[in-house]
Structure formats: C-alpha cells, structure tokens
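Read the structure below first, then the notes.
The values are calculated or read from the model by the stated rules, or taken from the named source; none is laboratory data. Quick caveat: nothing in here was measured; it's all calculated off a predicted structure. No Cβ is skipped: glycine too gets one built from the backbone with ideal geometry, and neighbour counts run over all protein chains shown. Remember, those area values only see protein heavy atoms, side chains included, never the ligands or the DNA or RNA. Shrake-Rupley method; radii C 1.70, N 1.55, O 1.52, S 1.80 Å.
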Amino acid sequence: MLHRLMTLALIIFLFIEHGPLTSERAKYGIAAGDPFVHEIALTFDDGPREHGMQELNTVLINNGVHATFFLVGKFADRYSNITLMLHDAGHELENHSFTHPRLYKLWVEKIMREAERCDEVFESLSIKKTAFLRPPGGGFNMKIFNAMRRMNKKLGLWSLNTADYTGRPSEEIVRLVLSSVRNGDVILMHSGTPNTVEALPEIIQKLKERGFTFVRLDELYFRGRS
Ligand SMILES: [Zn+2]
C-alpha cells in the first residue's frame, strides 16, 4: 500500500515538474514554470532569521528583484518586523509550516494545523493568506495533498537546489546556478546564509545578461492562466 502511494506521488511529482501548464497541473502546484519563457523565481526558505535578512533584502532590492520567501510561522511571528520588511519590499511570503516539522510524518489534521498557524501569523500582520505550501525538506505524500486540497493551497516545490545550507562557498553557488539554470526554474536558496547573499549579485547580473527576468512564484504560476 505504502509503496503504491509513493509510486503515485512520484508520478504526480514528475507530472508537476515536467508537465505542461494546464489546468491539470494547477490542481497540485508548481516545481518549475514555463520551459519556453525566460523567467526564473528565486525562493528563500526557513526565514526570517535573526541575522542576515536586511542584507538579503538589500541585495534583492538593489538588483530590482522580487523574490518568494517560504517563512516558518514561529519565526515570522518572533521576527515580525523582518516579516513586514520583506512584505513591504514587495516580496511574496508563503507558507513553510509553523514549526518546520517533517509534515509527511503527521496526520492530515496536524498538517493542516501547521499550515494554518503559519497563516494566522500572516493574518495578524495583515499579510494576505498564503497560496503555496512548501513542506520542510520538500518531502510530501498523499496526506499532504489531501490537507492542501482542503486548505485550497498549492504545493510550491523547486527545480534547482543550490544546497546553500551546506555552507558551500559563494563561488560554488554562482557556478552551479549559472551552469545548470533553465527557463522557468524555481531556485531553492535559504534565508540567513551569508554565502548566498554574496553570490546573488553575480547570479542576478549574469542571468539578466542572458535575457532572464526574475519573477515571484505566484507570477510564474499564474502566468498565462486566467
Ligand atoms: Zn525548510
């Protein structure tokens, strides 16, 4: 049974990642955008952190980029001034649960509670309800799909993982992104990682020279959809 569910989840995942932009795909979420459009979404997980957020925001704004932040609800609450700073700067704030547990291990009701508590923090700050949920670690299963359907949320995954959380040097992050980026990529990075902040100006500049534009995940998702 478990094996069959995992196979089904894998098929759905492959469909999401490689399938066309159709109404079918809209049911589940997004891992990458249109492969024929020179657009990229930068996404930052696990914030807000106590340190490094101002620097990250500044480098994005100075380069004219609006990004997507998957925030952990309890941190969004604890550092609410930073949450509001990101919101006021025009970034998209999305749901990365309240306490950052492995959601696939929880019951559906608990999964929903994790996401709802994160939304409640945003609501208390007058920030709009989140449209996307990114399960911590990216692991998901049918319980998560079930919970998301009931909450009317989409799965927000990624297609290019910089693994910046491993502490790899900024030159490596730059090299990885520039050598493997494709149209419609959703790039996974993390909040509060100094090497990422250091890598961003070159990444953004070089990709702009190649004709890419940077969009938020909601723009990537809803592009061409009525
Ligand atoms: Zn995370």
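Taking a probe of 1.4 Å, how large is the accessible area per residue of the stretch 2-222, in Å²?
Solvent-accessible surface per residue comes out at 46 Å².
Compute the Cα gyration tensor for the chain, then decide on rounded, prolate or oblate, letting a ≥ b ≥ c be the square roots of its eigenvalues: rounded whenever a/c is under 1.5, prolate when a/b is larger than b/c in the other cases, and oblate in all that remain.
It is oblate, given that a/c is not under 1.5 and a/b is not larger than b/c.
If Lys and Arg each add +1 and Asp and Glu each add -1, what is the summed charge of the other residues whose beta carbon sits under 15 Å from the beta carbon of P101?
In short, +3.
Nearest 500 deg cm²/dmol is fine: what mean residue ellipticity at 222 nm does the chain get from its DSSP H runs of n ≥ 4 alone, each adding -39,500 (n - 2.57), divided by its residue count?
-14000 deg cm²/dmol
For the pair E120 and K105, how long in nm is the line joining their label points, each one 7 Å along Cα→Cβ?
Placing both labels 7 Å along Cα→Cβ, they lie 2.3 nm apart.
Give me the percent of the accessible area of the stretch 172-226 that comes from carbon and sulfur atoms, probe 1.4 Å, all protein chains in place.
That share works out to 49 percent.
Hey, can you list the DSSP H helices of the chain whose Cα span along the axis is 18 Å or longer and whose average Kyte-Doolittle score is at least -0.5?
Both cut-offs are met by 2-18, 194-209.
If I take R0 = 35 Å and measure r between the Cβ atoms of S80 and F36 in this structure, what FRET efficiency does the formula 1/(1 + (r/R0)^6) give, to the nearest 0.05?
About 0.30, to the nearest 0.05.
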